[in-house]
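The values are calculated or read from the model by the stated rules, or taken from the named source; none is laboratory data. Because the structure is a prediction, the values reported are computed rather than measured. Using ideal geometry, Cβ is built from the backbone for each residue, glycine included, and neighbour counts are taken over all protein chains shown.
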Amino acid sequence: MPAKIKVATSGRALISLPPGESLQHSCRRRQRLKFHQTHSAPVMEELHQWMEAQFAEHKTEPNSGLGKAISYLLRHWTKLTLFLYRSRCW
């Protein structure tokens, strides 16, 4: 796996719950929001900084497949990160 992909995907496990735990089971809005603000927000911030650095430091070509994916995420970042600020059970 290319190093860029490893960096971008290394945070996935930090966002998910440990085996056997489920916030949907109890679906307590405040708990869910607090969980995401505590555990997911730092991972998402690190991902955001990494994506911006790819273009700022000319590490990724904007017209490449990865560059297009990063551009998409950056354009939609506010909506993609609403779960960090709103307590809503799905």
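For the range 54-72, the set of residues classified as in a helix (DSSP H, G or I) and in contact (Cβ under 8 Å) with a residue 24 or more places away in the chain consists of 54, 66, listed by residue number. Every listed requirement among (1) out of contact with any Leu (no Cβ under 9 Å at 6 or more places or on another chain); (2) assigned to a helix (DSSP H, G or I); (3) at pLDDT 95 or above is met by residue 51 save one, (1). Among residues of the range 73-90 being assigned to a loop (DSSP other than H, G, I, E, B) and touching a helix residue (DSSP H, G or I) at 6+ places or on another chain (Cβ under 9 Å), the one that is modelled with the lowest pLDDT is 90. Being of a type outside the set (S, T, N, Q) and free of Cβ contacts under 8 Å to residues at least 24 places away in the same chain: is that true of residue 86 here? No. Taking the stated definitions as given, is residue 39 at pLDDT 95 or above and either of a type outside the set (A, V, I, L, M) or in contact with a Ser or Thr (Cβ under 6 Å, 6 or more places away or on another chain) (or both)? No, not satisfied.
For the condition touching a Leu at 6+ places or on another chain (Cβ under 8 Å), assigned to a helix (DSSP H, G or I), among the charged types (D, E, K, R) and modelled with pLDDT of 55 or more, residue 45 does not qualify.
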